[in-house]
Every structure is written in structure tokens, then in C-alpha cells.
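The structure under discussion appears below in the form of C-alpha cells.
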Amino acid sequence: MLPDDGTVVDPVLLGIMSDTHDDIAQTKSAVTWFNNRGVDQVLHAGDFISPFMIDALKDLSAPLTGVFGNNDGDRRLLEQKASALPHLTIGGAFARLDAGGMRIALLHGNDRDLLLTLTRCGTLDLLVHGHTHRPEVRREGSLLVVNPGAVYRQLTGRSTIAVVDTVARSAEIVDL
């Protein structure tokens, strides 16, 4: 793949999850799915809830970058437990990263004005958010917007994650 400046970018397969809400069994199912699919990086759009949820992510093969959601409890302890695992990074309400030639913003999504601003800023290729527990993939011009839904299935009856192909610049919702 060639970005605008002509440099070659290695393809990256991104796993995306959100709203795990202390559902250890479904979170482990997501980890297994990501590992079996061979994703290169995982993004978590918040609402881990309790620090013990970090243990459900320890077998993840790919590095994980996460942000806090509106229901995350002891954020200091969540960060501390994540920092004990070299492949997990959690912190703050927002993350800006680059992967596979895509400029990515990651947030939980409970601030509608911030989501709207990021959607319209014109400097992103991928906007990842959660919060609604409803999976969605849509385009806003050249921006790909992905809400993976929720790993926690009690509110909607579905447990979902997403995968993004950075070469095709496409996303797919996956039912666990």
C-alpha cells in the first residue's frame, strides 16, 4: 500500500473491541478470535470496568491499546495492571495512533460533540469508538468510522467485535 507520500506501508489487521463490562468469558472468546485470526494490533474503546478484566487479556498475542470509558472504575489500578503486561497500554480518554498507514483516533464515544468534531476534522483515516453497544461501520467521506458494538452481550443479546483491514481500508463486524 502506498500512502500519499509514496512510502510503502506494511499491511496491518486491526482487532477492535469495546465495552467488555467485566464479561470474562466473552472477553476470552474475543482474545481467542483475535489470536486465531492473526491480528497485528488490538484497540479497546473503553469500559473494561474492573481491574481484574486485565487478566482476561493476558493471552492476547497482539499488542493492545485501550482508552477509558465512562464506566471504568479504578482507573489507576487498571493502568497499573495493564503496565505489568508488556503488550497492553491503557490510559486516558483518547488515543491517537498510526497503524498500517492509517491515522487513527480511539475513544469511548460518550461525548457526541467530540465524536462529531473528530468525524469532521479531515486528518483521520479511522475513528474507533464504543459506548452505544450497537455495532456500526460507516463512511464519512474518506473516514472509516467503526463501533465494534460490545463484547458484553447482556444489553443487546449480541457479543460483537470488529476487524479492520488497513490495505482494503474496510471493516467487518464479527459476532462471537
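The values are calculated or read from the model by the stated rules, or taken from the named source; none is laboratory data. What you see is a predicted model, and the numbers here were worked out from it, not measured in a lab. Here Cβ is always computed from backbone atoms with ideal geometry, including for glycine, and neighbour counts include all displayed protein chains. For the accessible areas, the whole protein counts, side chains as well, though only heavy atoms, and no ligand, DNA or RNA atoms are used. Shrake-Rupley method; radii C 1.70, N 1.55, O 1.52, S 1.80 Å.
Got a sec? Which of GLY73, GLY69 is in a loop (DSSP other than H, G, I, E, B) and at pLDDT below 95? If you could, list the steps in order and put the result at the bottom.
Numbers: GLY69 fails: at pLDDT below 95.
So the residue among GLY73, GLY69 that is in a loop (DSSP other than H, G, I, E, B) and at pLDDT below 95 is GLY73.
Would you mind stating whether ALA56 is assigned to a helix (DSSP H, G or I) and modelled with pLDDT of 95 or more? Show your work before the answer.
On the way: assigned to a helix (DSSP H, G or I): yes; modelled with pLDDT of 95 or more: yes.
So ALA56 fits the description; yes.
Could you say whether any residue in the range 94-110 is without any contact (Cβ under 8 Å) to a residue 60 or more places away in the chain, surrounded by fewer than 17 Cβ atoms within 10 Å (Cβ to Cβ) and under 25 Å from ALA25 (Cβ atoms)?
So far as the range 94-110 goes, no, none of its residues is without any contact (Cβ under 8 Å) to a residue 60 or more places away in the chain, surrounded by fewer than 17 Cβ atoms within 10 Å (Cβ to Cβ) and under 25 Å from ALA25 (Cβ atoms).
In the condition set (1) free of Cβ contacts under 8 Å to residues at least 40 places away in the same chain; (2) open to solvent by 30 Å² or more (accessible area, probe 1.4 Å), LEU88 is compliant with all but (2).
Within the range 57-64, can one find any residue that is closer than 20 Å to HIS131 by Cα and in contact with a Ser or Thr (Cβ under 9 Å, 6 or more places away or on another chain)? If you could, list the steps in order and put the result at the bottom.
Pass one, the range 57-64, residues closer than 20 Å to HIS131 by Cα: 57, 64.
Then keep just the ones that are in contact with a Ser or Thr (Cβ under 9 Å, 6 or more places away or on another chain); that gives 57, 64.
Looking for residues that are closer than 20 Å to HIS131 by Cα and in contact with a Ser or Thr (Cβ under 9 Å, 6 or more places away or on another chain), one finds at least one in the range 57-64, hence yes.
Annotation: THR20 fulfils all but one of (1) among the polar types (S, T, N, Q); (2) more than 17 Å from ASP175 (Cα to Cα); (3) under 12 Å from the mean Cα position of the chain (by Cα); (4) part of a loop (DSSP other than H, G, I, E, B); the unmet one is (2).
Here's the yes/no breakdown for (1) at pLDDT below 95; (2) out of contact with any helix residue (DSSP H, G or I) (no Cβ under 7 Å at 6 or more places or on another chain); (3) polar (S, T, N, Q):
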residue	(1), (2), (3)
SER18	no, yes, yes
VAL31	no, no, no
ASN35	no, yes, yes
VAL39	no, yes, no
LEU43	no, yes, no
LEU64	no, no, no
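Of the residues making up the range 24-36, at least one is open to solvent by less than 40 Å² (accessible area, probe 1.4 Å) and closer than 16 Å to GLY100 by Cβ.
Taken over the range 42-54, the criterion of being open to solvent by 20 Å² or more (accessible area, probe 1.4 Å) and either of a type in the set (Val, Ile, Thr) or farther than 21 Å from GLY130 by Cα (or both) is satisfied by ILE49 alone.
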